[in-house]
Amino acid sequence: MKRFFGWAALCLGALIGGSAMAGTVTGTAGYRERIALPPGAVLDVQLLDVSRMDVAATVLSARRYAMTGVPQAFELAYDDALIDPAMSYSVSARILVGEKLLFTTDTHYPVLTREAGDSVDLMLVRVAQAAPNPLENSSWRLSHLEGAPVEAEKRPELAFADDGGLGLRGACNSFRGKAEISGNKLTLPANMAGTLMACPEPAEALDRALLAAFPRVAGFIVDGDTLMLTDADGAEVLRLTRLP
C-alpha cells in the first residue's frame, strides 16, 4: 500500500511539474480622435516576441474583441514556458472593419521582461485612407473625340466598375475590358472583347475611331459632370459628360 501511494504521489508530482503555468497581459486600446467607429469594428491585439531584429516577430498570443467602447479593455493569456527573461516582448494592436485597417499601433509597447510589467495601455494612430476613385461606379457619354464634337444618333458610353472593369456601349457594338486607375493616371485596354453586329458605316467608323484613341489615354480630369481623358502630355483625347 505504501508503495502504491508513493507511486501515485510521484505521478502527481510529475504532472504538476510538467504542466504549463498560464500568465496574462492586460490593458486597454484607444485612440485620440473623437470619432465613432463604424459598425463591425474589431480590435485585434497580439503578444509578440520581438527579441530578434532581423526576423519577423513571433506571435505568442492573439485575440479579437468587438469594439464596444474606447478605450477597449483586453486580456491576453500566454504560456509562461515561452517567456525567457533575456528576451523582449511587446503588445501590438489594430482596429479593423472587415479587411479595412482603421487604426494601428506605431510605437513599441514592452511587457513582461526587462522591468516591463504585465499591463499596458495602447494608443493607436489613425491610418490614412486612400482617396476615393472618382471614376468608380460611374457612367459617361462621349461628347468630343480628338477635340471634335461627336454628332451621332447613338453616342458611345463608358461605364467604370469598382474593380477597374470597363464597359463601352458603342455607336454600333458593345465591348468589355479592364482599365488601370492609379491616382489621376488611367490606362484603357488596348484590346476589348466585343459584339460583332453589322451596323451602318458611320456608326462602325465612330466605334473604330474611339477604340483607336484608347491607347493614347494616360490620365483623366473630372470637372463636375465633365470627364476629360488626356494623353501623356495632358492634351485632351476624349471628353465625356456624366450620366445619371
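The values are calculated or read from the model by the stated rules, or taken from the named source; none is laboratory data. Since the structure is predicted, the reported quantities are computational estimates derived from the model, not experimental observations. Every residue, glycine among them, receives a Cβ derived from its backbone with ideal geometry; neighbour counts consider all protein chains shown. Note: accessible area is taken over every heavy atom of the protein model, side chains too, but ligands, DNA and RNA are not part of it. Shrake-Rupley method; radii C 1.70, N 1.55, O 1.52, S 1.80 Å.
Some observations on this one:
- Flag for Asp79 being open to solvent by 40 Å² or more (accessible area, probe 1.4 Å), touching a residue at least 24 places away in the same chain (Cβ under 8 Å) and over 30 Å from Val222 (Cα atoms): yes
- Test: residue in segment 92-107 that is over 18 Å from Val127 (Cβ atoms) and in a loop (DSSP other than H, G, I, E, B): no
- Residues satisfying the stated conditions in segment 56-89, i.e. over 25 Å from the mean Cα position of the chain (by Cα) and among the hydroxyl-bearing types (Ser, Thr, Tyr): Tyr78, Ser88, Tyr89
- Scanning segment 218-244 for residues that are open to solvent by 10 Å² or more (accessible area, probe 1.4 Å) and within 21 Å of Gly177 (Cβ to Cβ) gives Ala218, Phe220, Val222, Met228, Thr230, Asp231, Ala232, Arg239, Arg242, Leu243.
- Single match in Asn137, Asn184, Asn173 (criterion: in contact with a strand residue (DSSP E or B) (Cβ under 6 Å, 6 or more places away or on another chain) and open to solvent by 40 Å² or more (accessible area, probe 1.4 Å)): Asn184
- Qualifying residue in segment 220-240 (condition: in a loop (DSSP other than H, G, I, E, B) and in contact (Cβ under 8 Å) with a residue 24 or more places away in the chain): no
- Residue within segment 154-162 that is surrounded by 14 or more Cβ atoms within 10 Å (Cβ to Cβ), closer than 27 Å to Val59 by Cα and not aromatic (Phe, Trp, Tyr) present: no
- For segment 118-131, taking the residues that are part of a strand (DSSP E or B) and more than 28 Å from Gly183 (Cα to Cα), the one that is most open to solvent (accessible area, probe 1.4 Å) is identified as Asp121.
- Residues located in segment 189-210, provided they are open to solvent by less than 50 Å² (accessible area, probe 1.4 Å) and in contact with a Phe, Trp or Tyr (Cβ under 9 Å, 6 or more places away or on another chain): Pro189, Met192, Gly194, Asp207
- Considered as a group, the residues in segment 82-104 that are touching a residue at least 40 places away in the same chain (Cβ under 8 Å) and farther than 18 Å from Gly27 by Cα include one that is surrounded by the most Cβ atoms within 10 Å (Cβ to Cβ), and that residue is Leu102.
- Taking the numbered list (1) modelled with pLDDT of 95 or more; (2) surrounded by 13 or more Cβ atoms within 10 Å (Cβ to Cβ); (3) more than 29 Å from Lys100 (Cα to Cα) in turn, Pro149 passes all entries but (2).
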